[in-house]
Structure formats: structure tokens, C-alpha cells
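No value in this document is a laboratory result; all are computed from the given coordinates. What you are looking at is a predicted structure, and each value in this text was computed from that prediction instead of being measured. We place every Cβ from the backbone using ideal geometry, glycine too, and count neighbours over all the protein chains shown.
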């Protein structure tokens, strides 16, 4: 098994963006690293196909498929209390080239497709 490279003195002190922070072992599983958004225009469930790959891929069991009696469409529902934004759902999403479920940084309330407009990322880029 390969180990991650760390600069002398530890990576926590050299990270200029503050993206890395020291966490106690019990807090690591609860740390929110992203927020997933589902685009139903891309999702296979929106096209009335059967899919549940994102639900099956989630190690936190934070995604469930909900059927709407009004629209007769099933949609993925994300439980934000369980989800930490690890991205397993995005990696396994079968839609190509655009993913139906995308995990965004938790720094701002972004909508699908707003990845490059995150104001916190822009501030960090300007600092360098």
C-alpha cells in the first residue's frame, strides 16, 4: 500500500488555502467536505430509466430514491445529516460526459453548473 507524501513539518502548516485542518479521529467521519447536487435533466431516473448507482455507492447511506405520486418520477434524495460529500456517488454516476450528481465545495450555496463561480475559490486564486 502506498502512503501519501507529506512535506517535512507536516502538510497542515503549509496549506495556504486552509483546506487542510487537524481533526480528531472521531470527527473525521462527520467532517463535511462537499455538498452534492442532482441535475434531474441529466439523471437517468428523470428519463424514466431504472438506476440507483449513486445510492448503492454511498458509504454513508445518505442517498435514497424517492418516488413522487404527483409526477410519477423517482428522484435521488440526499440526507445532509448523513452525507459528508466524499464524492463516491459522483464517481460512480454512469451519465457521460456530464455527471447527474456533482459534489461542490461547502463554502457557498452553489447550483448545478456553478463550479467555477465559487467566490471562496476565486479569493484563494487571487491570493497566489
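Bin by bin, in steps of 10 Å, what percent of the Cα pairs in the range 32-106 do you find, going until the bin that has the longest distance?
Calculated over all Cα pairs of the range 32-106, the distribution is 21, 55, 22, 1 percent.
List residues of the range 22-47, by number, whose backbone nitrogen lies under 17 Å from a label position 7 Å along Cα→C-beta of residue 70.
Correct set: 40.
Under a crude label model (7 Å from the Cα following the beta-carbon direction), how far is residue 25 from residue 49 in nanometres?
Computed distance between label sites residue 25 and residue 49 equals 4.3 nm.
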